[in-house]
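Notes for the one structure printed next.
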Protein chains: 2
Amino acid sequence: MQFTLETTDPKSRARAGRLTTGHGTIETPIFMPVGTAGTVKAVHQRELRQDIGAQIILGNTYHLYLRPGLDTLYKAGGLHQFGGWDGPILTDSGGYQVFSLSDIRKITEEGVKFRSHIDGSKIDFTPEGVMDIQRIIGADIIMAFDECPPYPSDYEYARKSMELTHRWLKRCIERLDSTEPHYGYEQQLFPIVQGSTYSDLRQQSAEFIASQNRAGNAIGGLSVGEPAEEMYRITELVCGILPADKPRYLMGVGTPANILECIALGVDMFDCVMPTRNARNGMLFTTQGIINIRNEKWKQDFSPIDPGLSNYASSFYTKAYLRHLIHSKEMLGAQIASVHNLSFYLWLVGQAREQIKAGTFSAWKERIIPTLMQRL
Amino acid sequence: MQFTLETTDPKSRARAGRLTTGHGTIETPIFMPVGTAGTVKAVHQRELRQDIGAQIILGNTYHLYLRPGLDTLYKAGGLHQFGGWDGPILTDSGGYQVFSLSDIRKITEEGVKFRSHIDGSKIDFTPEGVMDIQRIIGADIIMAFDECPPYPSDYEYARKSMELTHRWLKRCIERLDSTEPHYGYEQQLFPIVQGSTYSDLRQQSAEFIASQNRAGNAIGGLSVGEPAEEMYRITELVCGILPADKPRYLMGVGTPANILECIALGVDMFDCVMPTRNARNGMLFTTQGIINIRNEKWKQDFSPIDPGLSNYASSFYTKAYLRHLIHSKEMLGAQIASVHNLSFYLWLVGQAREQIKAGTFSAWKERIIPTLMQRL
């Protein structure tokens with residue numbers, strides 16, 4: 001896995017780069033659509049590639065472990081084969097589920113015991129086990145097993161949690177470095193910086209993570225309810241410590257404004273359920289601003305969903321038709337809105353990349369954020 | 001609207017023909033995907049055309065009247081424009097809802113009063129009103145407003161219901177013939193034969209319908225719970241009376257075997273929710289037989305859903321992946337299965353057409369039905 005830094009913005013820390021994987025090259029900054037259970041909800045694989053322009057997608061270790069399960073994934077030849085996506089895949093480690101499923105899990109030094117959210121059965125996740133699972137899933141980028149603490153966390157909890165995440169990281173690295181990929185292409189581990197919103201913990205964690213010298217690094221524990229200013233402050237601090245010659249991945253972020261601001265701070269990779277989850281509720285991100293398509297004002301607006309985007313869903317279907325579908329709870333509504341919102345997110349990072357390469361990123365960002373975030 | 005009979009099978013009453021509409025030509029026999037509320041559930045318009053090979057789709061007067069409503073449809077320029085389907089459209093009149101919503105409607109000589117299934121508001125459907133609505137929807141083929149009686153119906157109920165349907169037909173014709181289309185292309189009325197399972201009523205109704213000399217004729221009131229043998233008996237009787245030089249449309253039918261048997265009896269057009277509804281439950285019609293994709297046996301079957309079909313959904317995705325999606329209640333499961341099942345139905349009628357033109361339909365039908373209807 002090779003990361004080439006192509007351009008750095010003169011007026012911010014934004015960068016354009018290229019990350020080469022066993023399943024093709026990713027142009028950064030990039031947004032990664034979330035495919036939790038081996039499917040980006042409501043989107044065909046062909047649409048991901050041809051309409052949305054996705055370059056890498058996410059899977060989730062916890063969810064894939066439960067369904068379809070490791071035996072099936074292994075026999076299929078890994079998740080790429082199983083789901084029919086031949087581009088790069090990154091898998092979340094299940095660390096986020098330690099946070100989001102906090103009422104059905106128990107954390108110990110050894111790892112995390114879950115109760116399955118499907119059938120209540122017992123699940124034991126250890127750093128070693130999670131590496132083995134991600135080997136079988138076959139992701140190109142494997143995330144370390146971490147604890148994502150809630151916001152707010154008191155200092156002592158945040159410190160202990162961070163230290164546990166660091167100890168787990170050592171175990172992840174040891175396991176991964178002593179095992180081989182199953183399917184013939186390389187799999188690289190990204191460790192995760194934690195430390196909640198405490199500057200000294202974040203600094204300590206970023207230094208520790210940087211010292212591990214892996215192919216890329218991630219910032220976790222943000223976008224869990226803290227104010228945007230806190231997110232930016234921590235991201236800036238951490239990006240200042242993580243090495244410049246490795247890609248930086250900010251987990252679970254965010255709105256279009258969050259993404260542009262964090263690109264300006266030096267982040268290269270993003271993922272978020274927002275474009276797909278909000279799509280299913282009729283909230284659209286467009287090149288003109290934010291639309292709640294359920295509103296009466298779109299009822300007889302027969303213009304395309306977003307004339308600023310050229311993909312099929314955004315340019316072929318009208319706002320009035322999409323409103324009708326979402327109102328009528330027709331599946332096609334979620335399908336159209338999902339393809340549209342993801343196309344917008346990929347357009348957004350593509351534009352950011354072009355602006356970085358042209359040396360105009362900072363001015364463009366200031367100009368475009370008010371447009372993108374206004375409610376239409 | 002012109003119907004050209006191309007070939008008649010020497011050993012049955014099956015026919016191949018071409019029906020020309022203001023939105024293109026339909027090759028018969030044909031299956032029409034059901035798009036009740038202006039969307040074929042879970043299927044993009046592009047997929048209907050390019051993957052499924054749909055030539056004409058259905059809309060439903062009752063549902064479209066409620067949502068998006070006539071004002072929106074009229075301002076959009078009709079349903080073709082509103083939904084982005086530029087091929088022919090046929091609209092059900094709401095007569096089927098007189099049957100399916102029997103607990104929230106009241107029939108009088110004047111028409112039918114419904115309570116909206118959405119908000120309980122009052123809806124008055126008369127033959128004249130239903131013609132006006134279908135003018136606004138802009139269907140190429142407009143169905144007469146009828147009463148679809150339940151099965152079984154006693155003789156007196158069936159007779160009175162049929163006579164009411166005939167009186168309503170006269171009113172439909174009078175209204176349609178005294179109004180103009182709104183959007184510049186012709187709209188043709190298909191009257192509907194009723195009479196339940198009573199041979200003398202069906203004969204009387206078919207003769208009355210035939211005498212109206214419209215562009216095409218329909219057989220209603222079947223596929224409402226009667227045995228298949230009854231459906232075939234009535235279809236044969238009615239097809240023997242309806243003119244050979246007009247297309248014959250059997251409403252709401254059916255399984256692959258039902259369709260082939262009724263093609264053999266002289267039917268040219270079919271619609272049914274079965275391929276899409278069953279798809280959402282994981283029941284697949286394939287060129288090899290019927291698959292319940294939820295079954296354990298498909299869990300690790302990494303072969304394409306149907307190697308006998310060339311469309312994207314059937315050939316790209318595997319049985320194991322589709323099973324995973326349906327099990328996990330992921331929308332993409334319904335999407336894939338719907339495109340697949342509709343592709344199969346269009347393949348089926350396309351094959352039937354080729355066999356009719358080759359003079360080999362009857363032997364082919366006998367050979368293929370056991371394969372198509374076996375449970376795999």
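Figures for the structure shown
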quantity: Number of the exception - A:TYR249 against (1) surrounded by fewer than 22 Cβ atoms within 10 Å (Cβ to Cβ); (2) part of a strand (DSSP E or B); (3) among the hydroxyl-bearing types (Ser, Thr, Tyr); calculated: (1)
quantity: Matching residues in segment B:15-37 - criterion: being surrounded by fewer than 24 Cβ atoms within 10 Å (Cβ to Cβ) and within 11 Å of another protein chain (Cβ to nearest Cβ); calculated: B:THR36, B:ALA37
quantity: A:ARG353 being part of a loop (DSSP other than H, G, I, E, B), more than 11 Å from every other protein chain (Cβ to nearest Cβ), more than 19 Å from B:SER338 (Cβ to Cβ) and open to solvent by 10 Å² or more (accessible area, probe 1.4 Å); calculated: no
quantity: Number of the condition not met by A:GLY225 [criteria: (1) farther than 27 Å from A:LEU101 by Cβ; (2) outside any helix (DSSP H, G or I); (3) open to solvent by 50 Å² or more (accessible area, probe 1.4 Å)]; calculated: (1)
quantity: Residue check for A:TYR62: touching an Asp or Glu at 6+ places or on another chain (Cβ under 9 Å) and in the same structural domain as A:ASP245 (by TED's automatic domain parsing); calculated: yes
quantity: Residue, surrounded by the most Cβ atoms within 10 Å (Cβ to Cβ), within segment B:136-156, restricted to residues that are in contact with a helix residue (DSSP H, G or I) (Cβ under 7 Å, 6 or more places away or on another chain) and of a type in the set (Asp, Glu); calculated: B:ASP146
quantity: Answer residue from segment A:79-135, given it is closer than 30 Å to A:GLY53 by Cα and within 14 Å of another protein chain (Cβ to nearest Cβ) and is surrounded by the fewest Cβ atoms within 10 Å (Cβ to Cβ) among those; calculated: A:ASP86
quantity: Residue in segment A:324-345 that is out of contact with any Leu (no Cβ under 6 Å at 6 or more places or on another chain), away from every other protein chain (no Cβ under 14 Å), surrounded by 15 or more Cβ atoms within 10 Å (Cβ to Cβ) and more than 29 Å from B:PHE82 (Cβ to Cβ) present; calculated: no
quantity: Test: B:LEU58 is part of a helix (DSSP H, G or I), open to solvent by less than 30 Å² (accessible area, probe 1.4 Å) and not aromatic (Phe, Trp, Tyr); calculated: no
quantity: Selection count, segment B:38-55, where residues are open to solvent by 10 Å² or more (accessible area, probe 1.4 Å) and either within 9 Å of chain A (Cβ to nearest Cβ) or part of a loop (DSSP other than H, G, I, E, B) (or both); calculated: 6
quantity: Criterion: touching a residue at least 40 places away in the same chain (Cβ under 8 Å) and more than 22 Å from the chain's Cα centre (by Cα) - qualifying residue of B:ILE290, B:ILE326, B:ILE305; calculated: B:ILE326
quantity: Flag if A:ASP306 is open to solvent by less than 20 Å² (accessible area, probe 1.4 Å) and among the acidic types (Asp, Glu); calculated: yes
quantity: Enumeration of residues in segment B:266-284 that are within 17 Å of the chain's Cα centre (by Cα) and of a type outside the set (Val, Ile, Thr); calculated: B:GLY266, B:ASP268, B:MET269, B:PHE270, B:ASP271, B:CYS272, B:MET274, B:PRO275, B:ARG277, B:ASN278, B:ALA279
quantity: Selection from segment A:278-323 of residues that are among the small types (Gly, Ala, Ser) and either in a helix (DSSP H, G or I) or within 13 Å of chain B (Cβ to nearest Cβ) (or both); calculated: A:ALA279, A:SER303, A:ALA313, A:SER314, A:SER315, A:ALA320
quantity: Residue in segment A:118-136 that is in the same structural domain as A:TYR249 (by TED's automatic domain parsing), at pLDDT below 95, on the phi < 0 side of the Ramachandran plot and of a type in the set (Val, Ile, Thr) present; calculated: yes
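The values are calculated or read from the model by the stated rules, or taken from the named source; none is laboratory data. Keep in mind it's a predicted model, so treat the numbers as computed, not measured. We place every Cβ from the backbone using ideal geometry, glycine too, and count neighbours over all the protein chains shown. Note: accessible area is taken over every heavy atom of the protein model, side chains too, but ligands, DNA and RNA are not part of it. Shrake-Rupley method; radii C 1.70, N 1.55, O 1.52, S 1.80 Å.
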